[in-house]
Amino acid sequence: MTKNELRIYFKKQRQDFVFYNKRYEIDQLENRLGDRLLAADIMTGTIGGYAAMTSEFDPAQLLSRLRSGGHQIALPYFENRHSEMEFRLASEALERGPFSIDQPQSNNPAVKPETILVPLVAADAKGNRLGQGQGHFDRFLSETRKNGSITAIGLAWECQIAAEIPADPWDEPLDYIATPDRILEMTS
């Protein structure tokens, strides 16, 4: 399958999974993934998260728990639809960004997270990730890895784990993939 065919297939899998589970079941699964990640002790420093769209795994509970535990939380910020993604410290008040996704306010400080939680459409056990197709997270990870280290953790429902995702040279691999059932560590 091509990347676009995989994207269509796994978006449907993800949507069906969320649609056919009750809200309290989804909440329990989100909490279970958070418990797993916190117990694994692989998240350090400032944590970069994201505001979930549609049926993406929603990291809001986990980010709240991390903030309560003393971590600074940052979210993607875009000045406009053509600007590069950056991370800014997130406060309670968010604003609607140019992609109609909640983001930190424009006057919040820009930061470089040490750990980033990454949304995905699908991923495989090698750490290859299929995103929405815009490349924002790949470009951010590539630039950050040139100048230091960052731990990239993909958050997914189990139905989003693929046998294989084709990788292009510009695709940035994940370090871990976390689902409510397991944490996969990528090895190079």
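The values are calculated or read from the model by the stated rules, or taken from the named source; none is laboratory data. The model shown is predicted, which means the values in this text are computed figures rather than measured ones. Don't worry about glycine lacking a Cβ; one is built from the backbone with ideal geometry, like all the others, and counts go over all protein chains shown. Side chains are part of the model used for accessible areas, which takes the heavy atoms of the whole protein and leaves out ligands, DNA and RNA. Shrake-Rupley method; radii C 1.70, N 1.55, O 1.52, S 1.80 Å.
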- Quick count over the range 126-181, residues being on the phi < 0 side of the Ramachandran plot, among the small types (Gly, Ala, Ser) and exposed (fewer than 15 other Cβ atoms within 10 Å of the Cβ), is 3
- Those residues of the range 108-125 which are open to solvent by less than 50 Å² (accessible area, probe 1.4 Å) and either part of a loop (DSSP other than H, G, I, E, B) or of a type in the set (A, V, I, L, M, F, W, C) (or both), in sequence order: Asn108, Val111, Pro113, Ile116, Leu117, Val118, Pro119, Leu120, Val121, Ala122, Ala123
- Hey, can you tell me all the residues within the range 86-100 that are under 13 Å from Gly49 (Cα atoms) and surrounded by 15 or more Cβ atoms within 10 Å (Cβ to Cβ)? Glu86, Phe87, Arg88, Leu89, Ala90
- Mind telling me which of the residues Leu38, Leu29 ends up being closer than 26 Å to Gln103 by Cα, of a type outside the set (Phe, Trp, Tyr), surrounded by fewer than 17 Cβ atoms within 10 Å (Cβ to Cβ) and modelled with pLDDT of 95 or more? Leu38
- Inside the range 141-183, can you point out the residues that are part of a loop (DSSP other than H, G, I, E, B) and among the acidic types (Asp, Glu)? Glu164, Asp168, Asp171, Glu172, Asp175, Asp181
- Note on the structure: Here the residues within the range 89-107 that are assigned to a loop (DSSP other than H, G, I, E, B) and among the polar types (S, T, N, Q) are Ser91, Ser100, Gln105, Ser106, Asn107
- How many residues does the range 128-149 contain that are within 17 Å of Gly48 (Cβ to Cβ) and touching a Phe, Trp or Tyr at 6+ places or on another chain (Cβ under 9 Å)? 10
- For the range 71-78, state whether one or more residues are open to solvent by 30 Å² or more (accessible area, probe 1.4 Å) and part of a loop (DSSP other than H, G, I, E, B). yes
- Query: Does Met43 qualify as being within 15 Å of the chain's Cα centre (by Cα), at pLDDT below 95 and under 22 Å from Gly148 (Cα atoms)?
  - Reply: no
- Item | One residue from Thr144, Thr187 being more than 19 Å from Gly45 (Cα to Cα) and at pLDDT below 95 | Thr187
